[in-house]
Amino acid sequence: MLTQDEMKAAMKLFQYVSDEETMSLAKTVTKDQLHLVDKNEALSAILAYTESAAQLLRRKKLKREVLFRYLHGEGVPVAPTADKHTIILKVLDHWGSADYEPDFSMEDDDGNVSPLYVPLNTEQHCAAPQRETQSTVDYQAGDSWCNNALCSTSEDQEMALQFSHWFYRLLNACNPIYIACDSTEERFGPQHFFLDARISLLMVNGEASHVESAGTSDAVCKILSSLTNERQLIFNPNLDASGVKGLSDPHGMRVVIVCGTVHQKSNVIGLFEQQFGLVRDPFSENKWKIKFTRVVMSSKHSSHSPTLDFTRRMLSS
């Protein structure tokens with residue numbers, strides 16, 4: 001349930017939301033089981049039946065522009081180019097909503113799931129040790145890592161590019177009609193993942209969506225390899241700076257975010273965005289292994305090579 005402070009703050013937020021949108025959201029939250037006559041009743045119902053501030057802000061009807069105007073009105077600075085997920089973090093921080101659990105999804109107003117680089121459940125809000133970086137990036141890692149500790153250097157970016165080339169070459173090789181890998185190359189398998197590796201896969205086709213998740217290396221490997229082996233898909237990542245982002249944190253984890261096109265035989269059937277968390281495994285010669293991954297695939301198309309900026313806007317719209 002929302003705290004009293006969160007409720008007061010949410011009431012101020014809804015000053016930026018139209019009566020029509022508020023009434024519509026209230027019907028969704030209550031499953032249209034209440035007869036609500038005005039915005040005040042609708043808002044009371046929304047707050048009463050919302051489990052957390054994060055759940056409220058993820059609602060699709062609370063658009064990015066609304067949250068941005070709210071923060072501006074509160075005197076909280078945020079970059080005009082920030083995506084909705086980053087703005088949600090700003091709002092939650094402004095509300096003092098620090099203790100919320102990591103999640104792999106964003107729930108829209110129809111109960112469907114869409115991607116979210118989510119707020120993290122961190123025990124500290126202290127300033128993380130800083131390294132010299134080319135840029136500081138506000139992406140989320142999906143585990144208990146302080147979000148403001150993630151940064152990007154040229155070394156991170158180079159590793160992300162090399163990893164993306166290596167990973168999709170192996171994954172695509174599971175497709176029986178893909179011949180880029182010869183018989184002497186290593187094969188895609190659970191050995192590339194930690195035993196407790198996790199995956200969240202979202203496939204969106206128009207209004208329909210399909211979600212899969214798993215929490216073991218074998219299961220993660222099976223879900224990913226089935227895309228190329230059974231469905232005979234090919235992932236073509238955009239291997240330049242606009243399509244791959246490399247990040248790291250002071251604890252040694254690397255985060256790779258990559259986007260590209262999805263092909264089936266000679267047809268381009270959609271776009272994808274995937275995120276990886278990589279950690280060295282001290283029990284496997286200190287090799288990098290995948291700790292978690294999130295994949296979003298959409299049947300939407302782009303007239304040009306997809307970029308992370310494009311896929312982020314597309315997948316959050």
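The values are calculated or read from the model by the stated rules, or taken from the named source; none is laboratory data. The structure displayed is predicted, hence computed values, not measured ones. We place every Cβ from the backbone using ideal geometry, glycine too, and count neighbours over all the protein chains shown. Only protein heavy atoms, including side chains, enter the accessible area calculation; ligands, DNA and RNA are left aside. Shrake-Rupley method; radii C 1.70, N 1.55, O 1.52, S 1.80 Å.
For segment 209-232, a tally of residues being within 19 Å of the chain's Cα centre (by Cα), without any contact (Cβ under 8 Å) to a residue 60 or more places away in the chain and within 16 Å of residue 299 (Cα to Cα) returns 1. Within segment 249-277, residues that are within 16 Å of residue 235 (Cα to Cα) and in contact (Cβ under 8 Å) with a residue 40 or more places away in the chain sit with their Cβ atoms under 7 Å from residues that are open to solvent by 30 Å² or more (accessible area, probe 1.4 Å) and assigned to a strand (DSSP E or B), at 6+ positions apart or across chains, in these pairs: 257/245; 260/236; 261/236; 261/268. Applying the criterion of being in contact with a Lys or Arg (Cβ under 8 Å, 6 or more places away or on another chain) and open to solvent by less than 30 Å² (accessible area, probe 1.4 Å) to the residues of segment 292-317, the residue that is modelled with the lowest pLDDT is 314. The residues in segment 252-287 that are farther than 20 Å from residue 192 by Cβ and either loosely packed, with under 13 Cβ neighbours inside 10 Å or among the hydroxyl-bearing types (Ser, Thr, Tyr) (or both) can be counted, and the count is 4. Among the residues here, residue 28 qualifies as in contact (Cβ under 8 Å) with a residue 12 or more places away in the chain and touching an Asp or Glu at 6+ places or on another chain (Cβ under 7 Å).
Restricting the search to helices (runs of 4 or more DSSP H) fully inside segment 3-107 and requiring at least 3 residues that are open to solvent by 60 Å² or more (accessible area, probe 1.4 Å) gives 4-13, 19-29, 39-48, 64-73, 84-95.
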